[in-house]
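One structure is given below, encoded as structure tokens.
The values are calculated or read from the model by the stated rules, or taken from the named source; none is laboratory data. Quantities reported herein were computed from a predicted structural model and do not represent experimental measurements. Backbone-built Cβ (ideal geometry, glycine too); neighbour counts: all protein chains shown.
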Amino acid sequence: MNPNNWNIFIASSLLALTFNAQASAKPDIQSVLSTVEDSSTACGVVNAHMTYLDSHGQKQVLDYSKFASNCADGS
């Protein structure tokens, strides 16, 4: 393998590992202030947002996807 290609491969691998580590990190949630989701009339995936306080008392927002509240459990 060409040395330049090897350096690019190593850099991209490290970048992928960094993104994976950040995505799997557990949030520091001490107290949940609110949870809201986008409105939907159909059962499906919607955007949701949780506002919480971390261990330093700082307000944070976690954005995520979930099934709409109007979906029956297990279907």
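Odds and ends about this structure:
- Of all residues making up region 39-62, the number that are surrounded by fewer than 12 Cβ atoms within 10 Å (Cβ to Cβ) and modelled with pLDDT of 90 or more: 6
- Pair list, Cβ under 8 Å, 6 or more apart: region 44-57 residue free of Cβ contacts under 8 Å to residues at least 40 places away in the same chain, other residue aromatic (Phe, Trp, Tyr): Gly44/Phe67; Val45/Phe67; Val46/Phe67; Asn47/Tyr64; Ala48/Tyr64; His49/Tyr64; Met50/Tyr64
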